[in-house]
Every structure is written in structure tokens, then in C-alpha cells.
Amino acid sequence: MQKSMISAMMAYVLWGILPIYWKALGPVSPLYILASRIFWSFIFCMIFVEFTHKWPEIKIIIRDRKRLGYSILCGLLVSLNWYTFIWAVNANYIIDASLGYYINPLVVVLFSFLFFGEKFNRLEMASIALALIGVLFIAFQLGKFPVIALVLAISFALYGVFKKKLNASPIVSLILETAVVTPFAFGAMVYLESQGQGVIALGDPLVTALAVLAGVATAIPLLLYAKGIQEISFSLLGFFQYITPTMMLFLGVFLYKEAFNLTDLLGFSFIWIALLIFSYSKVKSGKAEPPEPEL
């Protein structure tokens with residue numbers, strides 16, 4: 001269980017620094033970046049599967065309509081999440097994206113109750129209320145309906161639900177969900193290159209290399225996430241999610257010099273305290289093992 005917790009936390013750390021990566025690909029259209037992430041992730045997974053001999057497990061899932069359906073849903077949901085995030089970062093909506101990943105654990109907690117029947121004690125409910133206050137406070141400070149944040153939060157929470165129900169080894173679940181959308185990704189790359197909107201037309205070796213390595217940058221945290229999601233409770237996994245937006249917040253403030261005042265600090269403090277309380281309660285009560293997902 002400890003290894004799974006570390007895997008999940010490392011996934012969120014890597015996701016937290018990904019805005020730097022996507023900013024470096026700024027000259028390329030968000031759609032091309034998304035297509036590169038999908039296509040090169042699939043290639044990376046194909047090589048990995050060949051070395052780990054996971055083809056029998058893949059065949060078993062493909063023959064199971066229910067699990068195959070979960071794979072398709074995962075592929076569509078993660079593509080929507082990736083595109084929204086890439087567009088938000090390169091359009092200078094990092095704060096909106098960060099808010100989305102702060103909202104996500106609240107959605108995960110709701111889904112953990114709806115889909116997996118998880119229960120919460122008073123301490124955990126208090127932490128959820130604190131987190132909700134913080135999120136509402138931050139949204140109020142933004143002064144607008146957080147569309148980007150909600151799309152990111154809901155799409156990734158649903159992705160986690162169906163990935164958990166798929167109940168496959170990390171590399172198998174990843175290759176199946178990328179396989180679903182790879183044909184569309186490859187077609188988009190070819191079309192955008194023909195229109196002069198790809199990395200070849202740009203002619204920058206560094207940007208080209210970053211586009212190709214987007215598959216590795218995408219696959220590694222997803223593999224770590226897939227490892228973690230199978231062995232710790234869905235709600236605890238959701239609260240680990242706060243690592244990502246907190247790192248994004250620090251990047252926005254200290255690297256990209258976005259405004260952050262005492263009022264913002266108050267809203268985020270509610271969320272940080274809620275994370276500490278919820279995590280403490282989970283560890284103390286020993287609720288580390290999730291219920292077996294229904295396949």
C-alpha cells in the first residue's frame with residue numbers, strides 16, 4: 001500500500017510541473033500538442049508492452065465488452081482533459097486550470113460515494129466542508145463561472161472512476177485508452193502538418209524533440225497514477241490531487257509572476273488544511289484498501 005501511495009503522489013508531482021513543458025511548446029497549436037501526446041504515448045506503450053509481455057491481458061480485456069467500454073470511455077475522457085489543460089496553459093489560464101484540479105478532489109469524493117459506496121466519518125466530512133469553502137472562495141475571487149475548471153475537474157474524476165472499474169495493470173490500461181484515440185490523433189497530426197501548423201513546418205529541433213517526448217512525459221505519470229489507483233481508496237487518491245494544483249500555483253506565482261494576494265492565500269489555506277485533516281483521518285482509521293470494483 002505504501003508503494004501505491006508513493007506512486008500516486010509522484011504522478012501528481014509530475015503533473016504539477018507539466019505546465020513548464022507545455023509552455024515550451026507554445027508555438028504549436030494545442031490540438032497538435034494533444035495529438036502528439038496521444039500518438040507518442042501509444043508508441044511508447046507498444047514498446048513497453050512488448051518487453052513486459054502483456055499481450056494476453058490485453059486480449060482478455062478486448063474480449064470483455066464491459067471492460068473494453070471502460071477503456072473507450074477512459075480514452076475519450078483523458079483526451080478531453082488533456083486538450084482543455086493544454087489550451088488553458090498556453091492561453092494563460094493557469095489559475096483557472098489550477099482551480100479545476102482543486103475542485104477535482106471534491107468531485108472524486110462525490111463519485112467515491114456514488115460509484116464505490118465509500119463512507120466518511122465526521123472528521124473527513126469537516127475536511128470536505130473546509131475544502132468546499134476554499135474552492136467557493138477562490139471561484140468568487142475569479143469573478144466568473146469557472147467553465148475551464150469544471151471541465152477539468154469532472155472529466156478527470158470520471159476518468160478515474162472508469163479506470164478503477166477497468167481494473168487492469170497500468171501499462172495495459174494506458175495502451176488501451178490511447179489506442180482508442182490514436183487513429184484520430186495521427187490524422188490530426190498529418191492534417192496540421194499539411195496546413196503548416198505542425199512541428200515540421202515550424203522547423204525548430206527543440207520543439208520537435210519536445211513534441212516527440214510528449215509521449216514519455218504523458219505516459220510516466222499516468223502509469224504511476226494507474227498503479228496507485230488500484231490499491232488505495234478512491235477518496236484518498238482524490239485528496240492527493242491537491243499536490244498538482246499547489247505546484248501549479250507556485251509556478252504561476254514565482255515563475256510566471258501571476259498575481260497572488262492575501263485574499264487568495266486565505267482561500268487556498270482552507271484547502272490545504274482540509275487536505276491535512278482528511279489525510280490524517282484516512283491514515284489513522286486505516287481506510288487504505290478500496291472496495292473491489294465491479295467488473
- When we measure straight from the Cα of residue 23, which lysines land under 22 angstrom away, once same-chain ones fewer than 8 places off are left out? 257
- Message: As I understand it, the dipole of the chain uses +1 on the Cβ of Lys and Arg and -1 on the Cβ of Asp and Glu, about the Cα centre. Which of 241, 211, 262 lies farthest toward its positive end?
- Response: 241
- Note on the structure: Evaluated at 20 °C and 1.002 mPa s, the Stokes-Einstein D of segment 1-124 based on the Kirkwood radius over Cα pairs, in µm²/s, stands at 123 µm²/s
- Which distance in Å, rounded to a whole number, links the C-alpha centroids of segment 14-32 and segment 37-61? 24 Å
- Can you give the convex hull volume per residue for the Cα atoms of segment 1-50, as a whole number of Å³? 86 Å³
- If you put +1 on each Lys and Arg Cβ and -1 on each Asp and Glu Cβ, how big is the dipole of segment 2-285 around its Cα centre, in Debye rounded to 20? 780 debye
- Query: Could you put 180, 172, 13 in order, starting from the residue whose Cβ has the fewest other Cβ atoms within 10 Å?
  - Reply: 13, 180, 172
- Which whole-number percent of Cα pairs in the chain have a distance greater than 37 Å? 13 percent
- Note, ³J(HN,Hα) from phi for segment 82-97, Karplus 6.51, -1.76, 1.60, rounded to Hz, x at Gly and Pro: 4, 4, 4, 5, 4, 4, 5, 5, 6, 9, 6, 10, 5, 5, 4, 5
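Any read-out appearing in this document is the output of simple, stated calculations on the displayed coordinates, not a laboratory observation. Everything quoted here is computed from the prediction, not taken from an experiment. A quick note on method: Cβ atoms are made from the backbone with ideal geometry, for glycine too, and the neighbour counts reach across all protein chains shown.
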